């Protein structure tokens, strides 16, 4: 009876492991990614930063659009969802977090407990064993051992456009239609990215690859933060903490940057952010006050070890153009032709009826 119980338990464990999330990633690159984390117990933002090895506390605040002065001891309730920012590494057709987070094994830990309970089932015991070269079937780990916890991610373009790939943990009762509408994508895109044939395959607690539209920017290719990519409702500090950039759908998904007013982690004083040949400073805008006008902004263009780059960027406040007059004229002409045809047929029917009645 005992052997049967153990066998059933192992089968269940294998079945659960088979649901692990693997995001496709055909490129050989690194990029920024996001994933949901639901704290199993009451904790703090600082503890979550440490658990996931988030490089800077500001990165965690920006991913969750929390105020820049939010303290690390801010309470996170049990089962509250926090977005974790991390670097994604793509290789061999899939993506995983780039050697983070690192977990120190404690007495009594098992790989399944670490995966399921501590890291909210964002990965599986098999994946942890694979990337850490832990042999099956014993999966022996020791207290004090440091384990790399692989999180699913991707850096692939979606329909030829750069996006932020977000590992969304599916809520009970949710549907692909709800998720697609909420995050500004389509059901077909979600099906394709996640290797699903129809929406009925969606499971509660599944880690779903959701592509988030990213803000366009003027950052130069030679900038040290050329890979900076932000999705709606997030912000980041860059240029050695001298610049704060945010992404907001209300600004037509154009990156908005300004001096952070914080101390630099590299310079004694942050370099000038004034645009060349202009009185505008980073984030300043002229024009664009009317409903249809050209506006000029001093935009962020990146940085190197000595300089913060800026550029004058033009944009329009005009509403999207309506259908062309030619199309309208064509539609109107089509309606006129239909009207004349209808009148012609009607007249002939009247004459036919009169002839038959005689």
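The values are calculated or read from the model by the stated rules, or taken from the named source; none is laboratory data. Everything numeric here is computed off the predicted structure, so don't read it as measured data. A quick note on method: Cβ atoms are made from the backbone with ideal geometry, for glycine too, and the neighbour counts reach across all protein chains shown.
Strands (runs of 3 or more DSSP E) fully within region 211-306 that include at least 1 residues being surrounded by 14 or more Cβ atoms within 10 Å (Cβ to Cβ) and in contact with a helix residue (DSSP H, G or I) (Cβ under 9 Å, 6 or more places away or on another chain): 234-238, 243-247.
Among all residue pairs at least 6 apart or on different chains, which show Cβ distances below 6 Å where the first residue, located in region 157-169, is not assigned by TED's automatic domain parsing to the domain that holds residue 90 and the second is loosely packed, with under 15 Cβ neighbours inside 10 Å? Partner pairs satisfying both residue conditions: none exist. Given (1) touching a residue at least 24 places away in the same chain (Cβ under 8 Å); (2) closer than 22 Å to residue 140 by Cβ; (3) in contact with a helix residue (DSSP H, G or I) (Cβ under 8 Å, 6 or more places away or on another chain), identify the lone condition not met by residue 70. Only one criterion in (1) touching a residue at least 24 places away in the same chain (Cβ under 8 Å); (2) closer than 22 Å to residue 140 by Cβ; (3) in contact with a helix residue (DSSP H, G or I) (Cβ under 8 Å, 6 or more places away or on another chain) is unmet by residue 70, namely (2).
Among the residues of region 197-247, the ones that are free of Cβ contacts under 8 Å to residues at least 12 places away in the same chain and in the same structural domain as residue 172 (by TED's automatic domain parsing) come to 4 in all.
Among strands (runs of 3 or more DSSP E) entirely within region 1-98, having at least 2 residues that are closer than 18 Å to residue 235 by Cα and modelled with pLDDT of 95 or more singles out 30-38, 81-91.
Checking each residue in region 132-150 for being over 20 Å from residue 34 (Cβ atoms) and surrounded by 13 or more Cβ atoms within 10 Å (Cβ to Cβ) picks out 132, 134, 139, 141, 145, 147. Counting the residues of region 118-128 that are farther than 13 Å from residue 51 by Cβ and either modelled with pLDDT under 95 or in contact with a strand residue (DSSP E or B) (Cβ under 9 Å, 6 or more places away or on another chain) (or both) gives 4. When residue 111 is tested against the conditions (1) under 24 Å from residue 248 (Cβ atoms); (2) touching a helix residue (DSSP H, G or I) at 6+ places or on another chain (Cβ under 7 Å), the lone failure is (1).
Each row is one residue, and each column tells you yes or no for (1) under 15 Å from the mean Cα position of the chain (by Cα); (2) modelled with pLDDT of 95 or more; (3) part of a helix (DSSP H, G or I).
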| position | (1), (2), (3) |
| --- | --- |
| 106 | no, yes, no |
| 116 | no, yes, yes |
| 165 | yes, yes, no |
| 185 | yes, yes, no |
| 197 | no, yes, no |
